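A short write-up of the structure that comes next.
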Amino acid sequence: MPLVVVAGATITCSHLGTKFLTGGDPHHAIAGKPILTAGSEIGVKFKSPNDPPGDGLEIPCQAQSGGVFVPCKIAAPTTGVSVKANIDGKPVLLAISAGVTASATGAGTWKVTDPGQTIADWV
């Protein structure tokens, strides 16, 4: 069974960007990390190569239009949400979650590459 996605999970876009997810419901956590539900990732943007480096762990999205970097923005998952587990009526994201992104180059994709925990799974 796929693992549940929590704050600190890593997602990647089809333009080689990586992003750590934040948020979640602090009242529903695994090992102290809030569980993420479908919809909490909508609108999250990957970094641009022009952004300050920050902690250096996130890799910028390489999507460009006319030589200008325009990083991906995440849309709702198209697959990988729980059909049984939910928090306040919202399905829990799973390690197999994936979806589309919007960028200057048109639609791209995103997927979970690390769910942020290795303890709890669910369908």
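The values are calculated or read from the model by the stated rules, or taken from the named source; none is laboratory data. For clarity, every value in this text was computed on a predicted model and none was experimentally measured. Neighbour counts run over all protein chains shown; Cβ positions are idealised from the backbone, glycine included.
Condition (residue is touching a Gly at 6+ places or on another chain (Cβ under 7 Å) and either within 22 Å of LEU57 (Cα to Cα) or without any contact (Cβ under 8 Å) to a residue 12 or more places away in the chain (or both)) applied to the range 84-94: is it met by at least one residue?
Taking every residue of the range 84-94 in turn, none turns out to be touching a Gly at 6+ places or on another chain (Cβ under 7 Å) and either within 22 Å of LEU57 (Cα to Cα) or without any contact (Cβ under 8 Å) to a residue 12 or more places away in the chain (or both).
Within the range 72-104, track down each residue that is over 14 Å from the mean Cα position of the chain (by Cα) and either charged (D, E, K, R) or within 16 Å of THR12 (Cβ to Cβ) (or both).
Across the range 72-104, the qualifying residues are LYS84, ASP88, LYS90, SER103.
Kindly indicate whether PRO53 is of a type outside the set (A, V, I, L, M, F, W, C) and touching a His at 6+ places or on another chain (Cβ under 8 Å).
no
Specify which of the listed residues (GLY116, GLY39, GLY56) is of a type outside the set (D, E, K, R), loosely packed, with under 12 Cβ neighbours inside 10 Å and at positive phi.
GLY56 is the lone residue from the list that is of a type outside the set (D, E, K, R), loosely packed, with under 12 Cβ neighbours inside 10 Å and at positive phi.
Between residues in the range 36-57 that are hydrophobic (A, V, I, L, M, F, W, C) and residues that are part of a loop (DSSP other than H, G, I, E, B) and surrounded by fewer than 10 Cβ atoms within 10 Å (Cβ to Cβ), which pairs lie under 9 Å by C-beta distance while being six or more apart or on different chains?
none
Pick from the range 16-36 the residues that are part of a loop (DSSP other than H, G, I, E, B) and either of a type in the set (Phe, Trp, Tyr) or in contact with a Ser or Thr (Cβ under 7 Å, 6 or more places away or on another chain) (or both): which of them is surrounded by the fewest Cβ atoms within 10 Å (Cβ to Cβ)?
Here the answer is GLY23.
Has the range 25-36 got any residue that is of a type in the set (Val, Ile, Thr), modelled with pLDDT of 95 or more and within 17 Å of GLY89 (Cα to Cα)?
Yes, there is a match, as at least one residue in the range 25-36 is of a type in the set (Val, Ile, Thr), modelled with pLDDT of 95 or more and within 17 Å of GLY89 (Cα to Cα).
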